[in-house]
Amino acid sequence: MEREKGLESSTFQAHDSGAEQRNEEFDNMLLSSILRVSLGVFGQNTAEIVLSYMEYLSGLKREDIAARTELFKELLGEVLGCGATVVERLIVKDLYSRLGLGMPEIDDFLMAINRARNLYVRLNESKLEVLSSQKIMR
């Protein structure tokens, strides 16, 4: 019985660190989508200028963009005005495509990103649970 409790505890910790790892993976994919869309829309030089200007305005470093999407959205609006909405949609489209998800019916950038994050973490968590149960049954 004590051994089972220890197993449950370590399984919980593994799930906890697994979720953290999946969030980190998602952040990397989101940042990659943001950079890819920026390059596609602006080209190399202008993308560098836009991202550097955002950092100048707020201190938002490129590697922190995925963790601070609210600030990124705000800065994108300041820099691009109404054109920010187009770039946001392209980022969401790229991200959802990379995740193998259909384009969301959500127009709000932040809600679409949060939905993608939740789906990514949950779907991968479900896959891990199936694999774990298969290992236990062996």
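The set of residues in the stretch 52-88 that are among the aromatic types (F, W, Y) and surrounded by 14 or more Cβ atoms within 10 Å (Cβ to Cβ) contains only F72. Checked against (1) within 16 Å of the chain's Cα centre (by Cα); (2) at pLDDT 95 or above, Y120 meets all criteria but (2).
Report yes if some residue within the stretch 111-124 is basic (K, R), part of a helix (DSSP H, G or I) and buried (at least 18 other Cβ atoms within 10 Å of the Cβ); otherwise report no. Checking the stretch 111-124: at least one residue is basic (K, R), part of a helix (DSSP H, G or I) and buried (at least 18 other Cβ atoms within 10 Å of the Cβ). Against the definition (hydroxyl-bearing (S, T, Y), touching a residue at least 24 places away in the same chain (Cβ under 8 Å), assigned to a helix (DSSP H, G or I) and in contact with a Lys or Arg (Cβ under 8 Å, 6 or more places away or on another chain)), how does S38 come out, yes or no? Here the answer is no, as S38 does not meet what is asked. Taking the stretch 76-107 as the range and being polar (S, T, N, Q) and under 14 Å from L119 (Cα atoms) as the test, only S97 passes.
Cβ-Cβ contacts under 9 Å between residues 6 or more apart (or on different chains), taken from a first residue in the stretch 107-119 that is farther than 15 Å from L90 by Cα and among the polar types (S, T, N, Q) to a second residue that is at pLDDT 95 or above and surrounded by 13 or more Cβ atoms within 10 Å (Cβ to Cβ), are listed as N114/T69.
The values are calculated or read from the model by the stated rules, or taken from the named source; none is laboratory data. No experiment lies behind these values; they were computed from the predicted model shown. Cβ coordinates were reconstructed from backbone atoms using ideal geometry, including for glycine residues, and neighbour counts include every protein chain displayed.
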